[in-house]
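What follows is a set of notes on a single structure, which appears directly below.
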Amino acid sequence: MTKLPQLGAGRYRLGPRLGAGAQGEVRRALDLATGAEVAIKIAEPGASAADLETEFLTATALEHPAWPTALDLLPGERPALVLELVAGRSPSGAKLPAESVSRLALRLLLALRALHHRGLLHGDLKPENLLLPEGPPLPAAASARLLDLGLARSFHRADGRTLSGTPAYLAPEARAGGELDERADLYSLGLTLA
């Protein structure tokens, strides 16, 4: 097990792991300065701080309640991104009523519009990056949250990187390395809601 760094000059007490991916892991933490629980995305050893900085800047610029608030960016040997802690469950495998799916689709489309207006694609839409609050399906769908802007990229990939996400949810043109626009995320959203 990799030893975790001290984060934010001891401001954050790390708790249990919430998830992990190619770029690092996400842990629940306590902000000792405010008493608030937060989520901290900790980069893998040797990962570029620029990726987390881009994710932080993207998250702070988005103006839609479906995106978690970015709270802090922590430099260091293993840079970290502090985010609002979002509680809920993935809809993976859930059978939602049609009206709930309609509300969920509308909320997510509006959240994606906020991202797309900035010229960015999410790049990794899938059920695991979507959380529904606990409770009845209809109100939960209206309060769904989208997670993980770690793979968000410009439509035209001006940074030279290809769009890499979860292959089962990528649009065909993304898998083929072609030009991308909003339709790539819409394709992934359709598969996520199917």
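The values are calculated or read from the model by the stated rules, or taken from the named source; none is laboratory data. Source: prediction; values computed, not measured. Counting neighbours? That spans all protein chains shown, and the Cβs are built from the backbone with ideal geometry, glycine included. Side chains included, ligands, DNA and RNA excluded: accessible areas come from the protein's heavy atoms. Shrake-Rupley method; radii C 1.70, N 1.55, O 1.52, S 1.80 Å.
Tabulated data
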| quantity | calculated |
| --- | --- |
| The stretch 38-139: relative contact order in percent, alpha carbon pairs under 8 Å with at least 6 residues between | 30 |
| Separation of alpha-carbon centers, the stretch 100-140 and the stretch 17-45, rounded to whole Å | 22 |
| Dipole of the chain [Lys/Arg +1, Asp/Glu -1 at C-beta], most positive-end residue of Leu57, Gly46, Thr34 | Thr34 |
| Solvent-accessible area per residue, Å², over the chain with all protein chains present [probe radius 1.4 Å] | 51 |
| Principal axis box of the chain, alpha-carbon based, largest edge first, Å | 46, 43, 31 |
| Computed E for Ala33/Glu77 - FRET, C-beta separation, R0 22 angstrom, nearest 0.05 | 0.50 |
| The chain, relative contact order in percent, only Cα pairs under 8 angstrom and at least six apart counted | 16 |
| Per-selection metrics, the stretch 5-64 (Cα): Rg and Dmax in Å | 12.3, 32 |
| Furthest towards positive pole of dipole, Phe155, Ala98, Ala176, structure part the chain, Cβ charges | Ala98 |
| Rounded to the nearest 20 debye, dipole of the chain from Cβ charges on Lys, Arg, Asp, Glu | 380 |
| Förster radius 45 Å - calculated FRET efficiency between Ser164 and Ala98 (Cβ-Cβ, nearest 0.05) | 0.85 |
| Charge dipole magnitude, Cβ of K and R +1, D and E -1 - the stretch 1-87, Cα centre, debye nearest 20 | 400 |
| Carbon + sulfur, % of accessible area of the chain - ligands and nucleic acids excluded, 1.4 Å | 55 |
| The chain: calculated mean residue ellipticity at 222 nm from DSSP helix runs of at least 4, using -39500 (n - 2.57) | -8500 deg cm²/dmol |
| Neighbourhood charge, 13 Å Cβ-Cβ cut-off, centred on Gly15 and excluding it, Lys, Arg +1 and Asp, Glu -1 | +1 |
| Sequence-separation-based contact order of the stretch 16-90, relative, with Cα cut under 8 Å and 6+ spacing, percent | 27 |
| Label-point gap, in nm, between Ser90 and Leu191 - each point 7 angstrom along Cα→Cβ | 1.4 |
